Amino acid sequence: MVKSIAQKEFLSALRDARFLALSVIVLLLLLAATVVGLHSYYTLQHEREMAQEEVNHHFANSADRHPHRMAHYGSFAFRPKSSLSFLDFGLDSFTGTSLFLEAHKQNSSNFSQAQQSSSLIRFGEMTVAFILQMLIPLLIIFLCYGAFTQEKETGTLQLMLSQGVSLRQISWAKVAGYSQIVALVVAPALFLVSLLLFSQSGFNLNADLLLRLLLFIGAYLVYFFIFIVLSVVVSALNKRSSTALISLLGIWILSCIILPKAAANLGANLYTTPTKAQLDADVHDEVAQSINGHNSADERAAAFKKQLLVKYGVGSLEQLPVNADGLVMAASEAQSSQVYQKHFNRLTGIFQKQNRIAEYLGLLNPYLAVRHFSMSMAGSDFAHYVHYQKVAEKYRYNLAQTLNHIQATQVKYQDKTTRLSNATWKQIPPFRYSSPGVGWALKNQINSIIALLFWLFLVVVTGFKLIDKTKIV
Amino acid sequence: MNKFRTIIKYEWLNFRADKGLLLITLLTLITGLYGIYYGTTEISRQRQHLANLSKITAHDVENMKVQFPGEADAGDVGYYHSTFAVNHPDSWASLSLGQRDINPYYIKLRLLNLQSQLYDSDNINPLKVFTGNFDLAFVLIYLFPLFIIGLSFNVFSIEKEQGTLPLLLSQPINLSLIVAAKLSFRAFIVLGLAVLLSLTGMFWAQVVPDSRIVLWLGAIVLYCLFWFAVIFLVAALQKSSAFNAITLLGIWLLLTMVIPALLNVYVALKKPVPQALALTIKQREVVHGGWDKPKEETMNKFFSLYPQWRDTTQIKERFVWRWYYAFQHLGDVAVADLAKDYQNRLKERQQLVENLNVLSVPVNVQGMLNALTGTDLLAHLAFMQSATRYHDALREFYYPFLFNQVAFTHNDYAKEPQHSFTSTPQISLVWSGYYKLALSFLFTFIVGLFIFKIRFLNLK
């Protein structure tokens with residue numbers, strides 16, 4: 001009996017021309033989004049790789065320069081796209097792509113896609129994630145809103161119950177039938193995604209990527225299941241199909257449109273973001289309290305030099321076995337980058353507090369939970385962005401210190417004219433970035449995992465309990 | 001006319017008794033007020049930040065005076081001292097924030113080469129800008145259509161489903177009159193709310209009361225009417241309430257999300273922006289290459305652009321500021337074409353959207369509102385141009401000090417040019433938007449009328 005109910009739902013959905021049409025549209029959109037996502041991934045990735053190669057080439061083949069000139073010349077970190085970001089662009093279009101790495105200074109990451117777009121981009125982007133998060137739930141609602149109400153309206157529910165099946169069995173059977181249909185719509189696209197991922201030579205296929213993909217798909221399956229059961233429960237609680245449908249659409253609008261926006265805006269209102277201008281001014285004031293490598297009149301630099309004389313037991317800076325300029329620069333870089341790092345962490349902390357509101361709201365709204373999780377698996381969430389910024393900063397710091405070390409050891413004190421050939425620069429490794437592993441990503445996802453499991457539990461346990469109590473007529 | 005009034009009266013009684021309808025009306029009102037509150041706080045925060053910039057500059061000047069207690073070399077001042085180009089919001093900006101949260105509304109400038117400073121972004125939480133603004137424009141463009149759908153999806157089908165249709169038809173009234181009255185009643189509520197919220201927003205934000213009041217209200221009213229035309233079209237098909245709800249939501253989704261997202265893809269494909277990274281790389285190469293070029297070559301190039309400084313003393317020193325600033329400027333000159341291409345490409349992108357937005361009414365109206373409040377990409381590009389001119393003015397202010405080798409005194413800080421720019425609305429864009437909006441409305445309405453004529457005549 002249970003099997004035949006499931007089969008009936010499956011077949012009647014397949015026979016429903018309107019549902020079929022909608023499914024085909026969603027499927028086509030999914031395929032289109034996959035192709036579009038891949039294309040955009042390749043274009044942006046290529047652009048950034050080329051840019052990175054170009055600056056690396058410039059650096060390695062630079063004209064003869066004084067090491068500190070080289071430190072000011074610096075380098076760039078262009079953020080590579082993470083492999084799975086073609087499924088979910090996440091925040092990628094709203095984060096900067098080009099970061100100039102120079103001595104003494106942490107720069108902002110510039111040229112986000114959004115800054116180069118008209119307000120059109122604010123309407124959302126065509127990605128696989130957008131369809132999975134927003135459109136499939138609508139399709140599910142359309143599929144399931146009549147699960148019980150139709151049986152009630154035609155009087156077949158009583159007939160079924162008189163056959164000796166329980167309400168709970170009927171519900172499970174319906175959920176099973178609907179799940180099969182949703183799988184039928186989603187599977188081809190997910191299959192294509194996996195196939196493209198496996199067949200493309202551009203992707204470095206490894207266990208990490210595979211695991212990310214599996215978790216990505218898994219989270220969406222849980223999300224769809226939550227929506228299916230939710231729709232069946234709402235259908236059971238309503239007498240009429242139209243009221244069930246309107247309630248479900250109301251839930252969709254609230255959770256997919258209104259709540260996410262309200263959460264992000266609330267976060268920004270609760271925790272004020274300091275402007276870059278203010279942050280720079282604060283950094284400037286604090287850095288002014290530390291050694292300045294460029295100011296010969298600086299007292300702290302003088303004290304530092306005095307210490308050096310004592311340490312090496314020599315009478316003048318010229319007699320030192322190392323170049324004091326380089327050491328002063330190194331000390332200054334160490335102190336200033338600490339100040340920068342402190343303020344960077346403060347800013348990131350504020351952003352994280354703002355974002356946490358949306359994370360906690362995931363408990364109220366599975367859409368937020370799955371959105372957060374999906375971006376993370378795709379490597380396009382806030383945490384991954386911060387990771388890239390930190391890696392770039394580490395590279396910047398090491399680059400500056402390497403060059404200071406070269407100045408300290410290969411250039412004489414007060415010598416500003418000696419130039420080293422690019423043989424020296426060639427030995428410095430270029431900036432390389434690879435996304436952190438899936439384990440690292442999962443650590444930031446505890447909230448969303450809990451939220452998704454909570455919802456799963458809620459619909460399965462509480463939802464079915466509610467169905468048990470539903471009025472049959 | 002009496003019959004019309006009677007129907008309206010009963011609709012009103014129905015509406016008053018329906019808790020669900022009252023609830024969504026109340027919800028819409030609350031979200032609208034929140035949108036106004038959010039928009040105004042956001043803009044007043046931006047204003048506060050902008051006001052704070054002059055304090056930061058004043059503090060910076062104080063620091064400079066401590067660092068250089070006596071007369072200073074203008075070269076040092078140009079290097080260490082910074083000032084800001086500021087983009088003040090138009091008084092209307094609170095109602096539609098547009099791209100103001102993504103594009104920086106101030107640019108920190110030193111005398112160094114412009115192209116390495118012009119594109120610095122502000123501290124932005126990417127998740128927040130990704131989610132978007134909950135401003136009044138969002139409520140009107142996204143949520144009002146849902147409100148309209150919620151009020152009217154079953155405007156006609158419910159009579160059928162409740163079995164009241166035969167009763168109605170047995171009365172000596174025209175069917176068109178019933179539909180017209182029922183839709184008019186709903187339109188009255190929706191437009192009343194939209195106008196009320198808009199006026200509240202204008203009052204709250206203390207906008208400059210100019211012709212834009214009419215332009216804004218006109219756009220909003222026409223936009224709501226467009227959605228009523230959509231309702232009319234779907235109702236004319238005479239399907240069930242459930243079908244109507246799904247179809248209308250589908251249309252909403254198509255117009256507010258799917259089509260815009262597809263357009264976005266098309267624009268990105270058609271008009272890529274490779275200039276950004278190219279110019280950023282090239283400007284660094286040229287500027288840093290300046291150190292290694294013979295000074296005479298650099299200076300001659302510079303003098304061909306600024307012949308008025310040609311007869312100043314020849315440079316023999318290893319380092320001198322006027323040479324430094326000369327090659328900084330030559331860095332800008334070297335990428336001037338790329339920078340221009342970059343700006344033009346962004347304008348082309350905007351233009352392409354203008355051409356295509358006839359495909360999605362919400363995109364069109366969003367563009368109209370952003371143009372009206374001076375918060376769109378074009379307003380930002382105008383600000384960048386103004387900042388460029390400001391940088392020119394700064395250079396012109398410092399060049400006499402540098403090339404005539406005049407010392408920079410503490411009094412000279414106050415003489416440094418200041419910058420102020422206020423975003424201006426693009427009224428011509430609003431008008432072309434109107435034209436398309438009216439066209440969309442008429443088209444939908446006429447198609448609806450056509451279907452209505454065919455289907456409802458059969459009914460009789």
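What follows draws every value from the coordinates through simple rules; no lab data is involved. Quick caveat: nothing in here was measured; it's all calculated off a predicted structure. FYI the Cβ positions are ideal-geometry reconstructions off the backbone, even for glycines, and counts take in every protein chain you see.
Residues of the range B:378-408 with amide nitrogen under 19 Å from the 7 Å Cα-to-Cβ point of B:Gln314? The answer is B:403-405. Annotation: Cα Rg of the range B:321-460 relative to the compact-globule expectation 2.2 N^0.38 Å equals 1.78.
Per residue of A:277-286, other chain Cβ atoms within 10 Å of the residue Cβ number 5 on average. The length gained on full extension between A:Phe198 and A:Leu159, counted as 0.36 nm times the residue separation minus their Cα-Cα distance, comes to 9.0 nm.
Could you work out how much longer the chain between B:Trp431 and B:Lys19 gets when fully extended? Use 0.36 nm per residue separation minus the Cα distance between them, nm to one decimal.
On the way: separation 412, 0.36 × 412 = 148.32 nm, distance 4.00 nm.
Contour length minus the Cα-Cα distance gives 144.3 nm.
When the pairs A:Lys105/A:Lys426; B:Lys270/B:Lys347; A:Lys105/B:Lys301 are compared against a 19 Å limit on Cα-Cα distance, A:Lys105/A:Lys426; A:Lys105/B:Lys301 fall above it. A Förster radius of 25 Å, combined with the Cβ-Cβ distance separating A:Thr43 from A:Asn398, puts the computed FRET efficiency at roughly 0.20. Here the relative contact order of chain A, from alpha carbon pairs under 8 Å that lie six or more residues apart, stands at 27 percent. Using the empirical formula 2.2 N^0.38 Å as the baseline, the Cα radius of gyration of the range A:2-468 reaches a ratio of 1.29.
Here the simple spin-label model places points 7 Å from the Cα toward Cβ, and for A:Gln289 and A:Ala187 these points are separated by 6.5 nm.
Across chain B, C-alpha contacts under 8 Å between residues 6 or more apart give a mean separation that, scaled by the residue count, equals a relative contact order of 27 percent. Neighbouring Cβ atoms from other chains, within 10 Å of the Cβ of residues in A:242-249, number 5 on average. The modelled label-to-label distance between A:Leu254 and A:Asn61, using points 7 Å beyond Cα along the C-beta direction, is 6.3 nm. Pair-distance distribution of chain B: all C-alpha pairs, bin width 20 Å, starting at 0; shares per bin in whole percent are 21, 41, 24, 11, 3, 0. Here the convex hull built on the C-alpha positions of the range A:328-396 has a volume of 62 cubic angstrom per residue. Against chain B, whose longest principal axis comes from its Cα atoms, helix B:259-270 is set at around 30 degrees. The mean of 1/r over all distinct Cα pairs in the range B:1-75, once inverted, gives the Kirkwood hydrodynamic radius of 18.2 Å.
Between B:Ile454 and B:Phe303, the simple spin-label model (points 7 angstrom out along Cα→Cβ) gives 8.1 nm.
Axis of helix A:299-312 versus longest Cα principal axis of chain A: the two differ by about 70°, to the nearest ten degrees. Among residues other than A:Ala147 with Cβ under 9 Å from its Cβ, the summed charge is -1 (Lys and Arg +1, Asp and Glu -1). Tell me, how many Å apart are the Cα centres for the range B:131-192 and for the range A:135-177? Each part reduced to its Cα centre gives a spacing of 30 Å. Need the C-alpha centroid separation for the range B:32-110 versus the range A:274-327, integer Å. Here the two parts' Cα centres lie 31 Å apart.
Can you give the calculated 222 nm mean residue ellipticity of chain B, where each DSSP H run of n ≥ 4 adds -39,500 (n - 2.57) and the sum is split over every residue, rounded to the nearest 500 deg cm²/dmol?
So the helix-based figure for chain B works out to -23000 deg cm²/dmol.
The range B:310-386 and the range B:394-433 have Cα centres lying 16 Å from one another.
Taking amide H atoms as placed 1.01 Å from N in the peptide plane, the amide H of B:Thr422 lies under 5 Å from those of B:His88, each 5 or more residues away in sequence or on another chain. Separation of the alpha carbons by more than 18 angstrom is noted, of B:Lys239/B:Lys453; A:Lys311/A:Lys416; B:Lys108/B:Lys282, for A:Lys311/A:Lys416; B:Lys108/B:Lys282. Give the residues of the range A:266-306 whose amide nitrogen is closer than 12 Å to a point set 7 Å from the Cα of A:Gln338 in the direction of its Cβ. In the range A:266-306, the label zone of A:Gln338 (backbone N under 12 Å from the point 7 Å along Cα→Cβ) covers A:287, A:290-291. Shown is the FRET efficiency for A:Leu214 and B:Lys270, computed with R0 = 35 Å from the Cβ-Cβ distance and rounded to the nearest 0.05: 0.50. For peptide B:282-292, the mean count of partner chain Cβ atoms within 10 Å of a residue's Cβ comes to 4. Rounded to the nearest 0.05, the FRET efficiency derived from the C-beta distance between B:Ser54 and B:Leu237 at R0 = 41 Å is 0.10. For the range B:260-338, the set of GluC sites (Glu not before Pro) satisfying both a DSSP loop assignment and a count of at most 10 other C-beta atoms within 10 Å is given as B:Glu317.
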